[in-house]
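Read the structure below first, then the notes.
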């Protein structure tokens with residue numbers, strides 16, 4: 001979870017730097033959204049597939065350690081970039097490193113915990129998403145407030161940089177300590193392998209793909225359900241601080257600090273409560289309980305999609321806690337559902353495919369869709385409140401459809 005927190009601090013810090021990055025690198029909202037989303041997501045997801053396959057065969061702890069070191073190094077390099085292209089490539093490198101975390105982590109956690117506790121265990125790990133995102137905006141807002149608003153400074157090795165680039169040194173360098181901490185994890189014995197009388201490493205790629213295909217309706221329903229919930233989450237994480245700045249005239253520090261508190265409290269609570277409820281459903285005989293949690297979440301988000309359109313900033317702050325809670329609510333349960341469907345031999349590989357879909361669509365296009373609507377539908381950056389609401393209602397409606405459509409298939413897949 002600590003490693004996951006670090007990864008989300010690294011990837012979410014850009015949401016607070018929209019104004020200075022646009023100013024100093026002379027970028028559009030669309031170019032900024034590519035830095036926040038697609039530059040990271042493409043390699044994060046594509047490399048997740050071979051890394052997931054490797055994690056089904058090799059030492060999972062070692063894979064995570066190298067990933068932490070790589071994403072921390074590339075985050076630090078963002079502090080020395082001189083152009084948009086260099087920035088884009090450094091963000092690609094961050095994505096490559098972070099691809100090595102979740103597939104092996106899911107597999108390790110599932111081997112550590114009994115079936116009836118998996119949703120809660122993965123929810124605790126996945127809480128790193130929201131703790132990290134909250135810390136990113138809270139600490140980021142504080143650090144931004146302490147830095148000069150313009151101009152440059154000189155640092156060793158990299159030379160002249162903008163003041164906001166110092167943040168990447170502050171959040172990247174501590175990754176070395178986190179890699180050492182990951183080294184204290186004990187690699188667990190692999191359980192629930194598909195071939196009980198063979199070494200678990202010997203499941204072929206064709207067999208692994210074939211097993212996933214045999215469960216494809218349930219697998220795709222869970223995957224696309226959580227993907228569209230995550231699309232709402234990433235769109236909001238990327239643009240809500242900027243929404244407060246443009247709509248209510250807040251400072252970046254105030255907007256980031258307030259939204260960071262909301263994410264830290266309500267999203268973290270949401271994922272933990274969602275994991276608990278999924279396990280409770282299963283304990284009470286509802287085998288599709290993990291998907292029921294997704295249906296509840298999607299419904300709650302749909303009902304609050306109007307929040308960015310409210311003109312009273314105090315009411316917006318209060319009501320934002322609801323979609324923030326529900327965006328996190330199903331993540332641990334949905335991830336646990338994938339683990340439950342798959343044997344150990346396929347678990348990390350299936351998780352990598354699951355994350356590929358989530359991150360290409362949700363992380364890659366969540367921030368981008370909001371920016372495209374703002375730039376090319378309304379042609380007005382102050383119309384961002386409409387762009388956010390439109391994105392929320394479309395994505396959450398799709399999530400509801402996929403979760404509902406997958407209930408029967410999932411029940412059959414886990415028999």
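Listed values, structure above:
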item: Test set (1) more than 17 Å from residue 5 (Cα to Cα); (2) crowded, with 24+ Cβ neighbours inside 10 Å; (3) free of Cβ contacts under 8 Å to residues at least 60 places away in the same chain - residue 56 fails condition number; result: (3)
item: Residues of the stretch 358-380 classified as in contact (Cβ under 8 Å) with a residue 24 or more places away in the chain, touching a helix residue (DSSP H, G or I) at 6+ places or on another chain (Cβ under 6 Å) and farther than 16 Å from residue 98 by Cβ, total; result: 9
item: Sole exception among (1) within 15 Å of residue 354 (Cα to Cα); (2) surrounded by fewer than 18 Cβ atoms within 10 Å (Cβ to Cβ) for residue 99, by number; result: (2)
item: Set 363, 372, 356, 400: member being out of contact with any strand residue (DSSP E or B) (no Cβ under 7 Å at 6 or more places or on another chain), modelled with pLDDT of 90 or more, under 29 Å from residue 214 (Cβ atoms) and assigned to a helix (DSSP H, G or I); result: 400
item: Residue in the stretch 143-162 that is farthest from residue 82 (Cα to Cα), counting only those that are in contact (Cβ under 8 Å) with a residue 24 or more places away in the chain and surrounded by 15 or more Cβ atoms within 10 Å (Cβ to Cβ); result: 143
item: Residue in the stretch 178-193 that is more than 30 Å from residue 261 (Cα to Cα), at pLDDT below 75 and crowded, with 19+ Cβ neighbours inside 10 Å present; result: yes
item: Of all residues making up the stretch 381-392, the number that are surrounded by fewer than 17 Cβ atoms within 10 Å (Cβ to Cβ) and in contact (Cβ under 8 Å) with a residue 24 or more places away in the chain; result: 2
item: Residue check, residue 229 modelled with pLDDT of 90 or more and part of a helix (DSSP H, G or I); result: yes
item: Pairs with Cβ under 8 Å, 6+ apart, first in the stretch 209-225 and on the phi > 0 side of the Ramachandran plot and in contact (Cβ under 8 Å) with a residue 60 or more places away in the chain, second crowded, with 20+ Cβ neighbours inside 10 Å and in a helix (DSSP H, G or I); result: none
item: Test: residue in the stretch 112-122 that is under 23 Å from residue 253 (Cβ atoms) and surrounded by 18 or more Cβ atoms within 10 Å (Cβ to Cβ); result: no
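Quick grid of which residues meet (1) outside any loop (DSSP other than H, G, I, E, B); (2) under 14 Å from residue 62 (Cα atoms):
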site	(1), (2)
150	no, no
153	yes, no
157	no, no
161	yes, no
164	yes, no
167	yes, no
180	yes, yes
185	no, yes
189	no, no
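For every residue, the table says whether it meets (1) over 27 Å from residue 155 (Cα atoms); (2) in a helix (DSSP H, G or I); (3) touching a strand residue (DSSP E or B) at 6+ places or on another chain (Cβ under 7 Å); (4) free of Cβ contacts under 8 Å to residues at least 60 places away in the same chain.
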{"site": "24", "(1), (2), (3), (4)": "no, yes, yes, no"}
{"site": "51", "(1), (2), (3), (4)": "yes, yes, no, no"}
{"site": "64", "(1), (2), (3), (4)": "yes, yes, no, no"}
{"site": "85", "(1), (2), (3), (4)": "no, yes, no, yes"}
{"site": "88", "(1), (2), (3), (4)": "no, yes, no, yes"}
{"site": "103", "(1), (2), (3), (4)": "yes, yes, no, no"}
{"site": "106", "(1), (2), (3), (4)": "yes, yes, no, no"}
{"site": "116", "(1), (2), (3), (4)": "yes, yes, no, no"}
{"site": "119", "(1), (2), (3), (4)": "yes, yes, no, no"}
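The values are calculated or read from the model by the stated rules, or taken from the named source; none is laboratory data. It should be emphasised that the depicted structure is a prediction, and the values quoted were computed from it without experimental measurement. In this analysis, Cβ positions are derived from the backbone assuming ideal geometry, glycine residues included, and neighbour counts consider all displayed protein chains.
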